[in-house]
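Worksheet: the structure to be examined is printed underneath.
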Amino acid sequence: MGGMSERSGVPGEGLVKGLAVTLKTMTRRSTTQQYPDVAPELPPRSRGVIALLEENCTVCMLCARECPDWCIYIDSHKEEVAVPGAARPRQRNVLDKFDIDFSLCMYCGICIEVCPFDALYWTPEFEYAEYDIKDLLHDKDHLGEWMVTVPPPPAHDPHGDPSKEETTAARKAAAPAARPAPTRVRPEPGAEQGGGAPS
């Protein structure tokens with residue numbers, strides 16, 4: 001009985017509200033996007049496929065180690081580079097294989113976030129379905145082809161805080177001007193021996 005007394009309103013009020021929402025929706029014109037014929041307007045930060053800028057990759061393996069799905073496969077070899085004037089040649093890593101298995105990828109973006117050399121990028125392209133699941137393994141050449149679809153970075157907000165790089169560059173540029181170089185005063189020859197004024 002307590003539950004009946006706490007209820008407010010007329011019996012069937014919820015049904016009337018539901019029908020009102022239905023009628024309001026029925027009177028609106030539908031806005032169906034004709035997808036295959038008309039390309040959808042994607043949000044600016046959409047996550048599609050991942051693109052690889054191969055020349056930026058230093059084979060640091062951070063992306064493969066941090067990937068929660070273990071869907072990134074990297075292989076490389078070391079190559080000696082002769083540096084003029086150096087005592088011995090230096091070594092650098094050369095990328096042989098960089099594959100991403102998009103049948104396992106969950107699009108978390110951790111690989112792009114941890115890459116310290118900006119070798120991985122999001123592209124808004126999402127139309128890369130395949131008939132065979134094996135074809136969802138994209139190699140470095142295939143990943144490199146997606147680079148043309150990477151959108152330019154958004155413009156910096158003029159009212160926002162400057163980036164770390166801009167702040168550091170401004171601080172370095174202002175440091176020599178603000179701090180003049182110390183001038184050394186040469187002591188007189190007689191003052192070095194500790195001889196003061198003659199008595």
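The values are calculated or read from the model by the stated rules, or taken from the named source; none is laboratory data. What you see is a predicted model; the values in this text were computed from it and never measured. Note that we place each Cβ from the backbone using ideal geometry, even for glycine, and neighbour counts take in every protein chain shown. Please note that ligands, DNA and RNA were not included when accessible areas were found on the heavy atoms of the full protein model with its side chains. Shrake-Rupley method; radii C 1.70, N 1.55, O 1.52, S 1.80 Å.
Rg then Dmax, both in Å and based on the Cα atoms of the range 6-122: 27.1, 93. Other residues within the sphere of radius under 15 Å centred on the Cβ of Asp96, judged by their own Cβ, net out at -3 (K and R +1, D and E -1).
Considering only Ser46, Leu62, Thr25, and ranking their Cα positions along the charge dipole of the range 25-68 that arises from unit charges at the beta-carbon of Lys, Arg, Asp and Glu, the one farthest toward the positive end is Thr25. Rolling a 1.4 Å probe across the protein heavy atoms gives the range 1-111 an accessible surface of 79 Å² per residue. Can you list the residues of the range 33-73 with backbone N under 20 Å from a point 7 Å past the Cα of Gln91, pointing along Cα to Cβ? Residues 57-62 qualify, since their backbone N sits under 20 Å from the label point. Which loop GluC sites (Glu not before Pro) in the range 13-116, with loop taken from DSSP, have no more than 11 other Cβ atoms within 10 angstrom of their Cβ? Qualifying residues, ordered by number: Glu41.
If you take every residue apart from Val59 with its C-beta less than 13 Å away from the C-beta of Val59, what net charge results, scoring Lys and Arg +1 and Asp and Glu -1? Write out the running numbers ahead of the final one.
Numbers: positive: Arg65, Lys78, Arg92, Lys97, Lys140; negative: Glu54, Glu55, Asp75, Glu79, Asp96.
Local charge sum for Val59: 0.
If a spin label sat at a point 7 angstrom from the Cα of Ala39 along the line to its beta carbon, the backbone N atoms of the range 123-158 nearer than 18 Å would be those of 123-129, 145-154.
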